[in-house]
Amino acid sequence: MKDILETDAPGRAVLCGHANELFLGRENPDGSVLLQPATVISKAQAQYDSDPDLRAVLAAATESGTVSRDRRRTK
């Protein structure tokens with residue numbers, strides 16, 4: 001990307017070709033700005049992803065006949 005990036009009065013910029021994406025932004029000591037693609041997950045998801053015991057317990061609970069899920073959406 002070698003385009004000039006212009007900000008508006010509140011300091012926002014548009015990155016063409018990157019609609020609805022998340023970036024981590026950092027201003028370096030030399031004044032340059034670094035944007036890195038980011039993925040944001042909840043603490044609960046991070047715990048689930050990193051704990052095999054938790055995944056096993058939740059998988060067993062999901063397969064249990066005593067667990068039911070109401071798929072209707074509430075408004």
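Residues are listed down the side, and each one gets a yes or a no for (1) at pLDDT 85 or above; (2) out of contact with any strand residue (DSSP E or B) (no Cβ under 6 Å at 6 or more places or on another chain):
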{"site": "Asp8", "(1), (2)": "yes, yes"}
{"site": "Asn20", "(1), (2)": "yes, yes"}
{"site": "Glu27", "(1), (2)": "yes, no"}
{"site": "Val33", "(1), (2)": "yes, no"}
{"site": "Ile41", "(1), (2)": "yes, yes"}
{"site": "Ala56", "(1), (2)": "yes, yes"}
{"site": "Ala60", "(1), (2)": "yes, yes"}
{"site": "Thr66", "(1), (2)": "no, yes"}
Discussion item. Could you check region 31-69 and list, in sequence order, the residues that are under 21 Å from Ala13 (Cβ atoms) and either small (Gly, Ala, Ser) or surrounded by 10 or more Cβ atoms within 10 Å (Cβ to Cβ) (or both)?
Written reply: Gly31, Ser32, Val33, Leu34, Leu35, Ala38
Worksheet item: Name the residues in region 25-41 that are in a loop (DSSP other than H, G, I, E, B) and of a type outside the set (Ser, Thr, Tyr), would you?
Response: Asn28, Pro29, Asp30, Gly31, Ala38, Val40, Ile41
Item to complete: Pairs only if they're at least six apart or on different chains, beta carbon under 9 angstrom, first in region 29-47 and within 30 Å of Val57 (Cα to Cα), second among the acidic types (Asp, Glu) and surrounded by 10 or more Cβ atoms within 10 Å (Cβ to Cβ); list them, first residue then second.
Response: Ala38/Glu21; Ile41/Asp49
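The values are calculated or read from the model by the stated rules, or taken from the named source; none is laboratory data. In this text, all values refer to a predicted model and were calculated from it rather than measured experimentally. All Cβ positions, glycine included, derive from the backbone under ideal geometry; neighbour counts span all protein chains shown.
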